[in-house]
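To start, the structure itself, in structure tokens.
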Amino acid sequence: MSDQNTGTKSSNAMWGGRFADGPDALMEAINASIGYDRRLAPQDVEGSRAHAAMLAATGILTDSDAELIREGLLTVLSEIEAGNFAFSTALEDIHMNIEARLKELLGEPAGRLHTARSRNDQVATDFKLWTRDQFDAMDAGLTALMKVFVAQAEAGPDMVMPGFTHLQTAQPVTWGHHMMAYVEMFARDRSRVRDARARMNESPLGAAALAGTGFAIDRHMTAETLGFDRPSANSLDAVSDRDFALEFLTTSSICAMHLSRFAEELVIWASAQFRFVTLSDRFSTGSSIMPQKKNPDAAELLRAKVGRIVGATVALLTVMKGLPLAYSKDMQEDKEQVFDAADSMMLSLAAMTGMVADLRPNAEVLRAAAASGFSTATDLADWLVREANLPFRDAHHATGALVKMAEDRGCDLADLTLEDMQSVNPSITSGVFDVLTVEASVASRISYGGTSPERVREQIARWKEALA
């Protein structure tokens, strides 16, 4: 900006008298964060209102000035929310933009708001408040997602499908068991969210620039007003800590990875080669040239979101890794990555919840696939151990020979005759055929956490109660 009376650059009023010249245009561009940190406006107003109330309670501000400031801040916030606020790059960030507008509204009393406070503890407080809101939103989103997975499980606790290892048919499982596996995954994600939220819930406000303040402030009052459990115990750490943002990103990265795993399954399952499931039209798209296509684009995009979120995690870790205490301007690069990751995370949770709620499993196709690939071979080996008293390694070898026989004949294990089986091991009886159906296979897996419909229904009931 230029001073029309003198032709010299004017200083930024918020920096005070230390600088005779204002910033060069390039410096202004690299220094400003208002293009993205304006979304902290509600938290900035909330923190400033709490600070003003505390300054009045401790006698540092008069009650009348504090009330003027608190009401003025609400006016500024209403202007921002209505889209009537003129943001200035010259004022760098949301904190200075709000303070400058407050001064236009109130005059001299507005300048008292920054008493016993620095932008360092102010921005740390705002960012913590915002991140805490994201943790709460993520908690709610995960709970909603877990509920739709439980609903899917409840619709198919007896529905047989193939269980895979190495994406090869391994053993039959139930649809309900597969769905409940994701409930457990997302429950761990929700647990990490809650752990991180509890750990971050300390207030930086009052740490000032880095050393605390000589004013007799009440940090416990502002902490309580803002919903924090306590004020942070070390002022250096308070202004330089971004662990809360990193924990949000790492927690989101793990959750996004879980979302991506199921998205990958949906892409495979919805293909013409598998036909395990039918995706809702609401979460599919067509092709511009191939009219028969129904593409699982929502699942594919969810699969890709993990790249953005993990990328944000690596970016912020890299920003923070070399910073000495306390605050450095590098830390201005903490927010944009977190904002983007949070947007991606909340969108992904909502989209996956919608997709799972609409998902239709194709029971006949799943059952046929479960019966293919000699999926009951392990059941045969277990039968030989239980009924023929063979050591498991011998049972494994005999079963492998029977699989090879069936494979050579182009049939399944259950299609072999008793004589065929006895040619491999004479101790095999007709009772073996009772374990060679996929339904018998899943029903036999009664160990805790197993795929039997009985165990699956128990887990569904447990989670329905926990999520109620």
Extension gain (nm, one decimal) between Leu347 and Val365, 0.36 nm per residue minus Cα-Cα:
3.3 nm
Does the stretch 30-74 classify as rounded, prolate or oblate by the C-alpha gyration tensor (a ≥ b ≥ c root eigenvalues; a/c under 1.5 gives rounded; else a/b over b/c gives prolate, otherwise oblate)?
prolate
Could you work out Rg/(2.2 N^0.38 Å) for the stretch 373-436, with Rg from alpha carbons only?
0.96
Using a 1.4 Å probe and counting only protein heavy atoms, arrange Glu465, Glu247, Glu71 so the residue with the most accessible area comes first.
Glu465, Glu71, Glu247
Separation between the Leu325 and Asp281 pseudo-spin-labels, each 7 Å from Cα along Cα→Cβ, expressed in nm?
6.2
Hey, what's the per residue convex hull volume over the C-alpha atoms of the stretch 76-163, in cubic angstrom?
186
Hey, how many Å between the Cα centroid of the stretch 265-283 and the Cα centroid of the stretch 418-468?
27
If a paramagnetic tag sat 7 Å from the Cα of Gln168 along the Cα-Cβ line, which residues of the stretch 354-376 would have the backbone N under 13 Å from that point?
373-375
Provide the descending list of Cα extents for the stretch 309-421 along its principal axes, expressed in whole angstroms.
80, 38, 26
Too long for a 29 Å Cα-Cα cut-off, among Lys294/Lys464; Lys128/Lys329; Lys294/Lys404, are Lys294/Lys464; Lys294/Lys404
Please report the carbon-and-sulfur percent of the accessible area for the stretch 337-452; probe 1.4 Å, protein heavy atoms only, DNA, RNA and ligands left out.
54
Leaving ligands, DNA and RNA out of it, work out the accessible area of Leu106 with a 1.4 Å probe and give it in Å² to the nearest 10.
40
If you stretched the chain out fully between Tyr36 and Ala466, how much longer would it get, using 0.36 nm times the residue separation minus the C-alpha to C-alpha distance?
151.0 nm
Counting C-alpha atoms alone, how compact is the stretch 25-115: give Rg to one decimal and Dmax as a whole number, in angstrom.
13.4, 43
Points 7 angstrom from Cα along the Cβ direction at Arg409 and Glu336: gap in nanometres?
6.8
Tell me the per residue accessible area of the chain using a 1.4 Å probe; a whole number in Å² is fine.
47
At 1.4 Å probe size, with the rest of the protein present, what percent of the exposed accessible area of the stretch 25-115 is carbon and sulfur atoms?
53
In Å, the Kirkwood hydrodynamic radius from C-alpha pairs for the chain sits at 26.7
Given contacts defined as C-alpha pairs under 8 Å and at least six residues apart, what's the relative contact order of the stretch 25-115, whole-number percent?
40
Convex hull per residue volume in Å³, alpha carbons only, for the stretch 69-109
64
Linear extension gain, Glu79 paired with Asn295, 0.36 nm per residue minus alpha-carbon span:
73.4 nm
Heavy-atom accessible surface of the stretch 203-333: percent carbon and sulfur, 1.4 Å
56
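The values are calculated or read from the model by the stated rules, or taken from the named source; none is laboratory data. A quick note: this is a predicted structure, and the numbers were derived from the prediction, not measured. Virtual Cβ from ideal backbone geometry, glycine too; neighbours counted across all protein chains shown. Surface accessibility is based on the protein's heavy atoms, side chains included, excluding ligands, DNA and RNA. Shrake-Rupley method; radii C 1.70, N 1.55, O 1.52, S 1.80 Å.
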